[in-house]
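The values are calculated or read from the model by the stated rules, or taken from the named source; none is laboratory data. Given the structure is predicted, the values throughout are model-derived calculations rather than measurements. Backbone-built Cβ (ideal geometry, glycine too); neighbour counts: all protein chains shown.
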Amino acid sequence: DGGITQSPKYLFRKEGQNVTLSCEQNLNHDAMYWYRQDPGQGLRLIYYSQIVNDFQKGDIAEGYSVSREKKESFPLTVTSAQKNPTAFYLCASSDRGSSYNSPLHFGNGTRLTVT
Amino acid sequence: QKEVEQDPGPLSVPEGAIVSLNCTYSNSAFQYFMWYRQYSRKGPELLMYTYSSGNKEDGRFTAQVDKSSKYISLFIRDSQPSDSATYLCATNLLSGGYNKLIFGAGTRLAVHP
């Protein structure tokens, strides 16, 4: 079955530690995205990548970093510089090649708790 | 003002009721409109996708877009407990070759037997 796999489902870290969230897709999609979801707020874009070895900052990139070395993988690192890292993180992909208006396919998220 | 406004609810209805979920948006440049459904502790999944003003029907679900008033709706007929989820409206903006999706905050729906 094609889809997006995020791991782990739950992650706990101490303040001051960097942490990396995994995202893998086997949909052969060109574009991948990271969103953050907080209660009562819409999804906010952290980073996106339209092609391998290229990525762009989204609306709330401060304190985060990404890499896109392979088409199927787009890991997100939450650094100690992120002021409020506790959130639900969602990875998504879309088939940029077919249409700029391709809908997003989401993984099932990673819930990060930093104490 | 947020670009997409959505009442967070929660909305609680009895099984079989007709549900109306709504969003307003501010930018007339928005072209495509989507509804995503998100079950608890899961990622959103695309439910409906529409471009033009008017209605689009898929089974018990109808998406409605009124571009003149910048208003989008999702109607659920004969609602079921399995419809209990958060519903997110979204629209897109093409910016520098990038398809930027803008989401509403989501409306939490509970359908009770």
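No other residue among A:Tyr47, A:Tyr10, A:Tyr35 is at pLDDT 90 or above, in contact with a Phe, Trp or Tyr (Cβ under 7 Å, 6 or more places away or on another chain) and not charged (D, E, K, R) apart from A:Tyr47. All told, A:Ile60 falls short of being crowded, with 16+ Cβ neighbours inside 10 Å and either closer than 24 Å to B:Asn92 by Cα or of a type outside the set (Gly, Ala, Ser) (or both). Close Cβ contacts (under 6 Å, 6 or more residues apart or on different chains) running from residues in the range B:33-53 that are at the interface with chain A (Cβ under 7 Å from one of its Cβ atoms) to residues that are assigned to a loop (DSSP other than H, G, I, E, B) and modelled with pLDDT under 90 comprise B:Leu46/A:Pro103; B:Tyr49/A:Pro103. Within the range B:85-113, the set of residues being in a strand (DSSP E or B), at pLDDT 90 or above and under 17 Å from A:Ile46 (Cα atoms) comprises B:Ala90, B:Phe103.
Note on the range A:17-45: among residues that are among the small types (Gly, Ala, Ser) and over 20 Å from B:Asn92 (Cβ atoms), the one that is nearest to the chain's Cα centre (by Cα) is A:Ser22.
Pairs linking a residue in the range A:38-51 that is over 24 Å from A:Asn28 (Cα atoms) and more than 9 Å from chain B (Cβ to nearest Cβ) to a residue that is part of a strand (DSSP E or B) and of a type in the set (Gly, Ala, Ser), with Cβ atoms under 6 Å and 6 or more positions apart or on different chains, are A:Asp38/A:Ala87. Sort out which residues of the range B:22-32 are within 11 Å of chain A (Cβ to nearest Cβ) and in a loop (DSSP other than H, G, I, E, B), and write them in order of number. Of everything in the range B:22-32, those that are within 11 Å of chain A (Cβ to nearest Cβ) and in a loop (DSSP other than H, G, I, E, B) turn out to be B:Gln31, B:Tyr32. Which one of these is over 28 Å from A:Phe88 (Cα atoms), in contact with a strand residue (DSSP E or B) (Cβ under 8 Å, 6 or more places away or on another chain), surrounded by 14 or more Cβ atoms within 10 Å (Cβ to Cβ) and more than 11 Å from every other protein chain (Cβ to nearest Cβ): B:Val65, B:Val19? Result of the check over B:Val65, B:Val19: B:Val65.
Whether a residue is part of a loop (DSSP other than H, G, I, E, B), polar (S, T, N, Q), more than 10 Å from chain A (Cβ to nearest Cβ) and crowded, with 17+ Cβ neighbours inside 10 Å was assessed, and B:Ser79 passes this test.
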